[in-house]
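Asker: Let me give you the structure first, and then I'll get to my questions.
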Amino acid sequence: MRFFSGSLAIFDYYPDLYFRSGSTSSLPTRVVFKSSGDVGIGYSSPSYRLDVNGTARATSFITASDERLKKNIVVISNALTNLQKLNGVKYSFKENMTVKRKSTVDGEMYEESLINIVKDQNNKMGLIAQNVREIFPELVYEDNDGYLGVDYVSLIPVLIEAIKEQQAQIDILNKKILSIK
(Lines give C-alpha, C1' and ligand atoms only; values in the text may rest on other atoms or scores of the structure.)
Protein backbone atom coordinates (compact mmCIF):
# COMPACT_ATOMS: atom_id res chain seq x y z
CA MET A 1 0.00 0.00 0.00
CA ARG A 2 1.22 3.48 -0.84
CA PHE A 3 -0.24 6.79 0.24
CA PHE A 4 0.81 10.12 -1.29
CA SER A 5 -0.33 13.56 -0.25
CA GLY A 6 1.70 16.47 -1.65
CA SER A 7 5.17 16.10 -0.17
CA LEU A 8 4.25 13.23 2.18
CA ALA A 9 4.41 9.54 1.30
CA ILE A 10 3.71 6.47 3.39
CA PHE A 11 4.91 3.15 2.03
CA ASP A 12 3.65 -0.08 3.55
CA TYR A 13 6.43 -2.01 1.89
CA TYR A 14 6.00 -5.39 3.53
CA PRO A 15 7.39 -6.11 6.02
CA ASP A 16 8.54 -2.52 6.73
CA LEU A 17 6.70 0.80 6.97
CA TYR A 18 8.30 4.02 5.63
CA PHE A 19 7.25 7.63 6.18
CA ARG A 20 8.84 10.02 3.69
CA SER A 21 8.51 13.74 3.10
CA GLY A 22 10.18 16.49 1.14
CA SER A 23 9.89 18.47 -2.02
CA THR A 24 11.85 16.28 -4.43
CA SER A 25 10.80 13.30 -6.48
CA SER A 26 12.98 11.04 -4.30
CA LEU A 27 11.49 11.75 -0.90
CA PRO A 28 13.95 11.12 1.96
CA THR A 29 12.91 8.70 4.68
CA ARG A 30 11.91 10.54 7.85
CA VAL A 31 10.82 7.51 9.91
CA VAL A 32 10.98 3.78 9.22
CA PHE A 33 9.54 0.92 11.24
CA LYS A 34 11.43 -2.27 10.37
CA SER A 35 9.91 -5.74 10.77
CA SER A 36 12.77 -6.50 13.18
CA GLY A 37 11.30 -3.91 15.56
CA ASP A 38 14.08 -1.40 14.83
CA VAL A 39 12.99 2.19 14.25
CA GLY A 40 14.95 4.75 12.26
CA ILE A 41 14.31 8.46 12.63
CA GLY A 42 16.01 10.39 9.85
CA TYR A 43 17.70 7.14 8.90
CA SER A 44 16.28 4.42 6.66
CA SER A 45 18.56 1.58 7.76
CA PRO A 46 18.54 1.49 11.57
CA SER A 47 21.22 -0.62 13.28
CA TYR A 48 19.63 -0.44 16.73
CA ARG A 49 16.17 -0.67 18.30
CA LEU A 50 16.01 3.15 18.01
CA ASP A 51 18.46 4.80 15.61
CA VAL A 52 18.21 8.59 15.44
CA ASN A 53 20.13 10.67 12.91
CA GLY A 54 20.18 13.97 14.76
CA THR A 55 19.80 15.22 18.30
CA ALA A 56 17.40 13.36 20.59
CA ARG A 57 15.92 14.89 23.72
CA ALA A 58 14.21 13.31 26.68
CA THR A 59 13.58 14.05 30.31
CA SER A 60 15.00 10.69 31.36
CA PHE A 61 16.56 7.48 30.11
CA ILE A 62 16.35 4.42 32.32
CA THR A 63 18.71 1.48 31.94
CA ALA A 64 17.62 -1.94 33.20
CA SER A 65 19.99 -2.69 36.11
CA ASP A 66 18.24 -5.00 38.57
CA GLU A 67 20.60 -7.61 40.02
CA ARG A 68 18.00 -10.30 39.30
CA LEU A 69 18.55 -9.69 35.57
CA LYS A 70 22.33 -10.19 35.73
CA LYS A 71 24.80 -13.04 36.06
CA ASN A 72 28.60 -13.39 36.18
CA ILE A 73 28.86 -10.17 38.23
CA VAL A 74 32.49 -9.08 38.79
CA VAL A 75 33.70 -5.79 40.29
CA ILE A 76 35.71 -3.75 37.77
CA SER A 77 39.43 -3.78 38.58
CA ASN A 78 42.27 -1.55 37.41
CA ALA A 79 39.72 1.11 36.49
CA LEU A 80 42.09 4.02 37.07
CA THR A 81 44.91 2.48 35.04
CA ASN A 82 42.55 1.72 32.17
CA LEU A 83 40.94 5.16 32.21
CA GLN A 84 44.38 6.73 31.93
CA LYS A 85 44.73 5.00 28.55
CA LEU A 86 41.69 6.84 27.15
CA ASN A 87 41.98 10.23 25.49
CA GLY A 88 39.18 12.73 25.90
CA VAL A 89 38.99 14.84 22.74
CA LYS A 90 37.25 17.89 21.34
CA TYR A 91 35.94 17.50 17.79
CA SER A 92 33.33 18.42 15.25
CA PHE A 93 31.64 16.06 12.82
CA LYS A 94 32.60 16.02 9.15
CA GLU A 95 29.92 17.44 6.91
CA ASN A 96 28.20 15.67 4.05
CA MET A 97 29.08 12.12 5.15
CA THR A 98 26.69 9.90 3.22
CA VAL A 99 26.18 6.25 2.44
CA LYS A 100 24.61 4.82 -0.72
CA ARG A 101 21.45 2.82 -0.17
CA LYS A 102 19.07 0.94 -2.44
CA SER A 103 15.48 1.89 -1.82
CA THR A 104 13.30 -1.03 -0.77
CA VAL A 105 10.34 0.88 -2.15
CA ASP A 106 11.36 1.47 -5.75
CA GLY A 107 14.81 -0.16 -6.04
CA GLU A 108 16.49 3.17 -6.90
CA MET A 109 19.89 4.07 -5.43
CA TYR A 110 20.03 7.13 -3.19
CA GLU A 111 22.44 8.75 -0.73
CA GLU A 112 21.55 9.06 2.92
CA SER A 113 23.27 11.27 5.47
CA LEU A 114 25.23 9.36 8.12
CA ILE A 115 25.28 12.22 10.60
CA ASN A 116 22.69 14.99 10.66
CA ILE A 117 24.90 18.08 10.82
CA VAL A 118 23.25 21.26 12.05
CA LYS A 119 24.68 24.41 10.50
CA ASP A 120 27.00 26.25 12.92
CA GLN A 121 27.23 23.12 15.08
CA ASN A 122 28.95 23.37 18.44
CA ASN A 123 32.19 21.54 18.96
CA LYS A 124 31.70 18.26 20.75
CA MET A 125 33.68 16.47 23.45
CA GLY A 126 33.97 12.73 23.73
CA LEU A 127 36.10 9.72 22.99
CA ILE A 128 37.31 8.01 19.84
CA ALA A 129 35.59 4.61 19.60
CA GLN A 130 38.70 2.89 18.24
CA ASN A 131 40.64 4.02 21.35
CA VAL A 132 37.86 2.86 23.68
CA ARG A 133 37.66 -0.52 21.91
CA GLU A 134 41.32 -1.20 22.77
CA ILE A 135 40.66 -0.82 26.52
CA PHE A 136 36.92 -1.48 26.98
CA PRO A 137 35.69 -3.45 23.94
CA GLU A 138 32.37 -4.15 25.66
CA LEU A 139 31.52 -0.42 25.42
CA VAL A 140 31.89 -0.21 21.62
CA TYR A 141 29.23 -1.14 19.08
CA GLU A 142 29.39 -1.36 15.30
CA ASP A 143 26.46 -0.35 13.13
CA ASN A 144 25.30 -1.93 9.86
CA ASP A 145 27.61 0.37 7.89
CA GLY A 146 30.71 -0.46 9.95
CA TYR A 147 30.82 2.77 11.97
CA LEU A 148 31.61 2.52 15.68
CA GLY A 149 29.73 4.03 18.61
CA VAL A 150 30.45 4.22 22.34
CA ASP A 151 28.07 3.38 25.19
CA TYR A 152 29.03 6.37 27.35
CA VAL A 153 26.55 5.54 30.13
CA SER A 154 28.26 2.20 30.73
CA LEU A 155 31.51 4.07 31.34
CA ILE A 156 30.04 5.44 34.60
CA PRO A 157 30.77 2.27 36.65
CA VAL A 158 34.40 2.44 35.50
CA LEU A 159 34.57 6.07 36.66
CA ILE A 160 33.08 5.12 40.03
CA GLU A 161 35.63 2.37 40.58
CA ALA A 162 38.47 4.69 39.48
CA ILE A 163 37.36 7.30 42.03
CA LYS A 164 37.35 4.61 44.73
CA GLU A 165 40.86 3.53 43.71
CA GLN A 166 42.06 7.16 43.86
CA GLN A 167 40.44 7.67 47.25
CA ALA A 168 42.25 4.60 48.60
CA GLN A 169 45.54 6.12 47.37
CA ILE A 170 44.68 9.47 48.97
CA ASP A 171 43.85 7.78 52.27
CA ILE A 172 47.24 5.99 52.31
CA LEU A 173 49.05 9.25 51.56
CA ASN A 174 47.10 11.09 54.29
CA LYS A 175 48.10 8.43 56.84
CA LYS A 176 51.76 8.79 55.80
CA ILE A 177 51.56 12.58 56.14
CA LEU A 178 49.97 12.30 59.61
CA SER A 179 52.65 9.83 60.74
CA ILE A 180 55.41 12.27 59.70
CA LYS A 181 54.00 15.17 61.74
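The values are calculated or read from the model by the stated rules, or taken from the named source; none is laboratory data. Keep in mind that this is a model prediction, so the values were computed, not measured. Positions of Cβ are backbone-derived with ideal geometry, glycine not excepted, and every protein chain shown enters the neighbour counts. These area figures cover heavy atoms from the full protein model, side chains too; ligands, DNA and RNA do not enter into them. Shrake-Rupley method; radii C 1.70, N 1.55, O 1.52, S 1.80 Å.
Asker: Given a 1.4 Å probe, how much area per residue of the chain is accessible, in Å²?
Answerer: Per-residue value: 76 Å².
Asker: Related question: Once the whole set of protein chains is in place, how much accessible area is left on K34, using a 1.4 Å probe, in Å² to the nearest 10?
Answerer: Here the accessible area works out near 60 Å².
Asker: Would you mind classifying the chain by shape? Square roots of the alpha carbon gyration tensor eigenvalues, ordered a ≥ b ≥ c; an a/c under 1.5 is rounded, otherwise it is prolate if a/b is larger than b/c and oblate if not.
Answerer: Because a/c hits 1.5 or more and a/b exceeds b/c, the chain counts as prolate.
Asker: Related question: For the stretch 135-179, what class follows from the C-alpha gyration tensor (a ≥ b ≥ c being the square roots of its eigenvalues): rounded when a/c is under 1.5, otherwise prolate if a/b is larger than b/c, else oblate?
Answerer: prolate
Asker: Which is the longest run of the chain containing none of the chymotrypsin sites (Phe, Trp or Tyr not before Pro) found in DSSP loop states (not H, G, I, E, B) with at most 16 other C-beta atoms within 10 Å?
Answerer: 94-146
Asker: Given the -39500 (n - 2.57) contribution per DSSP H run of 4+ residues, what per-residue ellipticity at 222 nm results for the chain, rounded to the nearest 500 deg cm²/dmol?
Answerer: Mean residue ellipticity, 222 nm, calculated: -6500 deg cm²/dmol.
Asker: Scan the chain and report its longest stretch carrying no GluC sites (Glu not before Pro) that are both in a DSSP loop and have at most 15 other Cβ atoms within 10 Å.
Answerer: Between the exposed loop sites, the longest stretch runs 1-94.
Asker: Over the chain, what is the relative contact order in whole percent, taking alpha-carbon pairs under 8 Å and six or more residues apart?
Answerer: Relative contact order of the chain: 14 percent.
Asker: Now for a separate question. Total Lys pairs in the stretch 49-171 closer than 20 Å by alpha-carbon, pairs eight or more apart in sequence or interchain only?
Answerer: So the count works out to 5.
Asker: May I ask you to derive the FRET efficiency for Q169 and R101 from their Cβ-Cβ distance with R0 = 41 Å, giving the value to the nearest 0.05?
Answerer: Given R0 = 41 Å and the Cβ-Cβ separation, E is 0.20.
Asker: Going out from 0 in 5 Å bins, what whole percent of all Cα-Cα distances in the stretch 53-158 drops into each bin?
Answerer: Percent of pairs per bin, in order: 2, 8, 14, 18, 17, 16, 11, 7, 4, 2, 0.
Asker: Give me the percent of accessible area attributable to carbon and sulfur for the stretch 62-181, probe 1.4 angstrom.
Answerer: Accessible surface attributable to carbon and sulfur in the stretch 62-181 totals 53 percent.
Asker: Would you mind getting me the FRET efficiency between A129 and E67? Use the beta-carbon distance for r and R0 = 22 Å, nearest 0.05.
Answerer: 0.15
Asker: By how many degrees, between 0 and 90 and to the nearest 10, does the Cα long axis of helix 156-180 differ from the longest principal axis of the chain?
Answerer: Helix 156-180 sits roughly 20 degrees off the main axis of the chain.
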